[in-house]
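In what follows, a single structure is set out as structure tokens and then discussed.
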Amino acid sequence: MRILGLSSFGHDTSAALVEDGVIRAVIEESKLSRQRDSRGLPTAAMKFCLSKVAADMKSVDCIAITGAPVRGWMRRSAAGARISPFDPVAAGHAQVREVGRLARELGYLRLLRHETGDKTITTVEHHLSHAASAFFLSRYERALVITMDEDGAGCSGMIAIGEGTRLRKVRNIGYPHSLAWLYSRITEILGFIPRSEEHKTQWLSLGGEPQYLEVLRDMLRTSSNGSLRLDRSYLDHGIGDTFVLSSKFWRKSGLPHNSAELSDDQRRALAASVQQACAEKIAEIIESLRRRHNIQDVCLGGGLFNNSLLVAHLEQNVGLDHVFVPPAPGNSGTSLGAALYIQHHEKQLPRKQQCNPYWGPSYSRHEIKDVLDNCKARFSFQVMRDRQMDQAVQLLLGGKIIGWFQGPAEFGPRALGSRSVLASPWAPYVKENLNDFIKHREWFRPFALSVPVEDAPQYFQCSSLCETMNSLARVRPEFQGLPEGFVLPGGLVRLHTVAKEANPALWDLLKRFGLHSPAPILINTSFNLFGEPLVVSPVDAIRSYSCSGIDALLMDNFLLTKAPIASLSLQSHEAEAQGPILSRIPA
């Protein structure tokens, strides 16, 4: 059976193809269109998924699409009327905007029906898609499933129980009772872009004290059935957005209403407050539901759980082996969730363990060479893989920053070693070079580190969620070799663990690098230009390499460099008689 899954037509659209229970292809539309915010019908993603299995729309048995436009419109409209019944201007503006949104979504649905002909189109509730992605990709046979986002189809979340191939909805979390909404509003107050730059709020929170925590605690309530409730007195209608924080929030917090007047200390304190408030409330809800339903394992889905600092906090409460978050917990993951829901819950087909997220496009050696020739790029080619790996290690030991383009592209918001920028954490000024010449991002945002999964326990305390960078690790006290700039408050570190069977090329590189350095650890950050999605194709990679401060690019067995490679004899790190390794690296 061949199922094509599609996300809703809002932000972060994507497509997925599941064939006889096996995930064949998943990709975000934005990575193919090269537009940061993709909306509407994910045409390019659909085309890729079908081409991956050399199929066309006629061979698809079922199309599963996330969301129910009319139901979502009714829920959001009813919530808006309850919040501001005596403000006809604000309420009227919100209703007009909701009608426009409904018209667009119905238009996209008609376009899909036109393109697919008489194919069966099944709609799956937004949060059921989140729940299916979270549960059916996990290894648990029975688990509590919690999803939270801003307003998916008029709901802010769902509580469900997964058992085998079944998902049983316990209750919805009604709109606008949303922690994700609150987090986005605080993100906007801090001067970041809401629904896009919440990750900046996350990392900014590490530098502050939760000075405004009591105000947020007063706003967040728990209902008698264990669900989340927001105190409505803190909400108001605002022109240009559905809801805003009311004057009560500003009065009780003592913060200036103009966010431009916030001091740096106030910004850090506000970020720390919303981070801790959300973590406390979710931990409280999880603990209550686990006791009520006598379930130990928890699966989390929805855009709120892109917050790896939040997930790390929950792991400390629930247990490192009892929490699962899918590779793409946000809206882009709902296409896969919708397909899996039809596959398992509706068709009752058995589950298969397949949480390896490398489901995107891959390119043959001939395809890469054609692009290089067309770009008139100068490159070298190594027939022997060992020689190419030695060249990569040589570059890294020399303090160079390399673009790494190997195998199929990863699915999800994070670079997991197929489309990455790599560097040695022991290279001088490496963080400054990455920020100034490539990433151009804020000083408080940390870089991730990659390490072979079997070596990780020697240096870190971590869970399996670090394979997809959905959680954080803690540095072991006995490991003193890691530069301080990569260790966050509390000994936390962004960690990416690499299994040989999942990503053999990066695993091999890490192992070889570890023979000549203090540990088999490399900096791993996303391969993209500032403000763009992760690269996918060879053209994307060459453009990002050429327009940034990356020193070299490795695509398959092709190597591009901006300067000749200096000769360097590789010695194992144990050969310390000649002095520290950094002193042996040529300038």
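The values are calculated or read from the model by the stated rules, or taken from the named source; none is laboratory data. All values derive from a computational prediction rather than experimental measurement. Quick reminder, even Gly has a Cβ in these numbers, built from the backbone with ideal geometry, and neighbours come from all protein chains shown.
Have a look at Pro194, Pro210 and point out the one that is under 30 Å from Glu98 (Cα atoms) and either at pLDDT 95 or above or of a type outside the set (D, E, K, R) (or both).
Numbers: Pro210 fails: under 30 Å from Glu98 (Cα atoms).
Residue meeting the stated conditions: Pro194.
Every residue, every condition in (1) closer than 26 Å to Gln354 by Cα; (2) within 23 Å of the chain's Cα centre (by Cα); (3) at pLDDT 95 or above, yes or no:
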residue: Asp455; (1), (2), (3): yes, no, yes
residue: Asn470; (1), (2), (3): yes, yes, yes
residue: Arg474; (1), (2), (3): no, yes, yes
residue: Leu492; (1), (2), (3): no, yes, yes
residue: Ala519; (1), (2), (3): no, no, yes
residue: Pro538; (1), (2), (3): no, yes, yes
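Residues checked against (1) of a type in the set (A, V, I, L, M); (2) in contact with a strand residue (DSSP E or B) (Cβ under 8 Å, 6 or more places away or on another chain); (3) over 30 Å from Leu206 (Cα atoms):
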position: Gly485; (1), (2), (3): no, no, no
position: Arg494; (1), (2), (3): no, yes, no
position: Trp507; (1), (2), (3): no, yes, yes
position: Phe513; (1), (2), (3): no, yes, yes
position: Pro518; (1), (2), (3): no, no, no
position: Ile523; (1), (2), (3): yes, yes, no
position: Leu534; (1), (2), (3): yes, yes, no
position: Arg543; (1), (2), (3): no, no, yes
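Residues that are in the same structural domain as Gly157 (by TED's automatic domain parsing) and under 23 Å from Pro446 (Cβ atoms), at least 3 per element: which helices (runs of 4 or more DSSP H) completely within the range 185-279 meet that? So that I can check it myself, show each step before the final result.
Values: elements: 198-204, 213-219, 247-253.
Once the helices (runs of 4 or more DSSP H) in the range 185-279 are filtered for at least 3 residues that are in the same structural domain as Gly157 (by TED's automatic domain parsing) and under 23 Å from Pro446 (Cβ atoms), what remains is 198-204.
Return the total of residues in the range 143-175 being surrounded by 24 or more Cβ atoms within 10 Å (Cβ to Cβ) and without any contact (Cβ under 8 Å) to a residue 40 or more places away in the chain.
Adding up the residues that qualify gives 2.
Taking the range 425-450 as the search range and keeping residues that are assigned to a helix (DSSP H, G or I) and of a type in the set (D, E, K, R), which one is surrounded by the most Cβ atoms within 10 Å (Cβ to Cβ)?
Within the range 425-450, the first condition is being assigned to a helix (DSSP H, G or I), and the residues that meet it are 430-439.
Checking which are of a type in the set (D, E, K, R) leaves us with 431-432, 436, 439.
Numbers: Lys431: 18, Glu432: 11, Asp436: 11, Lys439: 20.
Ranking the candidates gives Lys439 first.
Please pick out the residue among Asp231, Asp218, Asp264 that is touching a Lys or Arg at 6+ places or on another chain (Cβ under 7 Å) and without any contact (Cβ under 8 Å) to a residue 40 or more places away in the chain. Steps first, answer last, please.
Details: Asp218 fails: touching a Lys or Arg at 6+ places or on another chain (Cβ under 7 Å); Asp264 fails: touching a Lys or Arg at 6+ places or on another chain (Cβ under 7 Å).
Answer to the check: Asp231.
Give the residues of the range 528-547 that are of a type in the set (Gly, Ala, Ser) and in a loop (DSSP other than H, G, I, E, B), sorted by residue number. Give the steps one after another, and end with the answer.
Going residue by residue through the range 528-547, those that are of a type in the set (Gly, Ala, Ser) are 531, 537, 541, 544, 546.
Passing the criteria: Gly531, Ser537.
Of all residues in the range 111-163, which are in contact with a Lys or Arg (Cβ under 7 Å, 6 or more places away or on another chain) and among the aromatic types (Phe, Trp, Tyr)?
Passing the criteria: only Phe136.
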